[in-house]
Amino acid sequence: MSLPAGLVEALAAAVGPERVVVDRERLEPYGRDESELGTFPPEVLVLAGSAEHVQRVFELAARDRVPVVPVGARSGKSGGTLALRGGIALSLEKMDRIVEIRPEDLIARAQPGVVTGRFQAAVEKHGLFYPPDPNSLDLCSLGGNVAENAGGPRALKYGVTREYVLGLEVVLPTGELLHTGKRSIKGVAGYDLTALFVGSEGTLGVVTEITLKLLPRPRHVATALVCFRSVEDASRAVARVLARGIIPRCLELLDDVALAACARTSPFRFPPDAGAALLVETDGNDEEQVFAEIARVAEAVAGEAAGEVIVAQNEAQRRDIWETRKYLSVNLKALHPRKLSEDIAVPRSRIPEMVALTREIGRRHGFEVATYGHAGDGNLHANVLFDTDDQRPRVEVAVGEILRAAVDLGGTITGEHGVGLAKRDFLVYEQGAEQVALQRRLKAVFDPLGILNPGKIFPEPG
Ligand SMILES: Cc1cc2nc3c(=O)[nH]c(=O)nc-3n(C[C@H](O)[C@H](O)[C@H](O)COP(=O)(O)OP(=O)(O)OC[C@H]3O[C@@H](n4cnc5c(N)ncnc54)[C@H](O)[C@@H]3O)c2cc1C
């Protein structure tokens, strides 16, 4: 769409001209995220500095029904920030203040543009702990994490973002300013609107402040790497660890393709017969207990393991183990330049079946698939690897089959990245037409004009 005459000038008058961008070169990066779904630039970008700015933007957008797309740090993998229908990109990146940290209440308040890793480091200075740790934490923002209900490796023990959001300040597309939730840990009054906004992918309202629950920081962490001959052995090992009543804080799986990619830069020499690996981490306040727990993990997986369990003896070795996992995405691109990455989740007992199915689907369509991820909670990143753009339509068919297979095994099309644009055509397959219709009606209550992030989550009619 082209913008109504006078809108840019009205936006500049409302929020200040320095906060309004129309220069094409500066808009272009706001048309992309990490989803590899293409570039959909907005027509104008507003860099909000306050909740009031957000209200003013909605007021002006509502007059001519101009789409408004909330934007965090653009690390999203489901296309949530893409301006499908042009309009206004409303960036929260300048609202990046940690408002307060209250050790006595174990809570903090922060603006949505605060980078997650910066927030974690800030609370740690007070001996506190904010567990959600998406692997993008040096990049992504708290607002994006709330909108996507982000997870990460530590979700196995500590849960996802939702578990930590006590309250929100939100501006609705109608311009109303809401304060949901509470600052106490308990509270059951009324419908849980806070929970509804968490994971709503920027389609119900724009989050302008977040109240987060914190935990005391565990004083000790132990990290180990275990190799296996096959994914089946590794999956059995996951089940064995959990069955012994051990909940490590992380239990990450790498299959053989992922392992081959890691081996390119990893400081470790994996055994030649290694066909999978698990990265395990335990934590707590008593150092002996933390290491005793990792020893119990080692004991539990000994029957399946290929070679020794490598336990990091110091911080540098811990970092080495995590580096192995961290550069995986980049290393996969060295095997094949293109990839489509999915984040299905299945019941833990179905992991071996799911991994076997992804391989079979990949093979049938002529592609290699690398599977890795948060095996402890059943959340797997299945990456279909390919070389040229003309292969993409076939890759998309394969991806569709992978998503349906996850649902058929009792799982979901997305464990943490959200539906966005990437998976909107599969939502009905997972949830059924009635549930999707109810969600559309809910959206209309919050956004009667349909101006907030249109085209996301729900399939297009027809
Ligand atoms: C290398 C890499 C690793 C990753 N690892 C993980 C992982 O382990 N776990 C995981 O969960 N994700 C992971 N992600 C995905 C991504 O980082 C998360 O989804 C993150 O939460 C997005 O945050 P963001 O600030 O970049 O949001 P954006 O990408 O900017 O936006 C994401 C969505 O949130 C909406 N939004 C943003 N801010 C607001 C706001 N203030 N109010 C309302 N809506 C808003 C947007 O409209 C969009 O729909 C990874 C991404 C990369 C690139």
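With θ taken as phi - 60° and the Karplus curve 6.51 cos²θ - 1.76 cosθ + 1.60 applied, the whole-hertz 3J(HN,Hα) list for segment 431-444 is 9, x, 5, 5, 5, 5, 5, 4, 5, 4, 5, 4, 4, 5 Hz, x standing for glycine and proline. Note on segment 200-218 and segment 1-44: Cα centroid distance 26 Å, given to the nearest whole angstrom. A crude spin-label estimate for the pair Leu196 and Glu299, with each label 7 Å from Cα along the Cβ direction, gives 5.0 nm. Loop-located chymotrypsin sites (Phe, Trp or Tyr not before Pro) across segment 163-241 with a Cβ neighbour count of 10 or fewer within 10 Å are Tyr191, with loop assigned by DSSP. Each label point was placed 7 Å from the Cα along the Cα-to-Cβ direction; for Glu59 and Val407 their separation is 4.3 nm. Here is the list for segment 120-170: trypsin sites (Lys or Arg not before Pro) lying in DSSP coil, each with at most 10 other C-beta atoms within 10 angstrom of its C-beta, are Lys125. The order of His336, His374, His126, going from fewest to most other C-beta atoms within 10 Å of their C-beta, is His126, His336, His374. Extension gain for Glu25-Phe291 works out to 90.5 nm (0.36 nm per residue, less the C-alpha to C-alpha distance). Please list, by residue number, every one of the trypsin sites (Lys or Arg not before Pro) in segment 246-278 that is coil in DSSP and has at most 10 other beta-carbon atoms within 10 Å. For trypsin sites (Lys or Arg not before Pro) across segment 246-278 that sit outside H, G, I, E and B with at most 10 neighbouring Cβ atoms in 10 Å, the list reads Arg269.
Think of it as helices only: each DSSP H run of n ≥ 4 in the chain is worth -39500 (n - 2.57), and spread over all residues that comes to -10000 deg cm²/dmol at 222 nm.
Taken together, the values in this text are just the output of simple stated rules run on the coordinates, not laboratory data. What you are looking at is a predicted structure, and each value in this text was computed from that prediction instead of being measured. Neighbour counts are summed over all protein chains in view; Cβ atoms, including those assigned to glycine, are modelled from backbone coordinates with ideal geometry.
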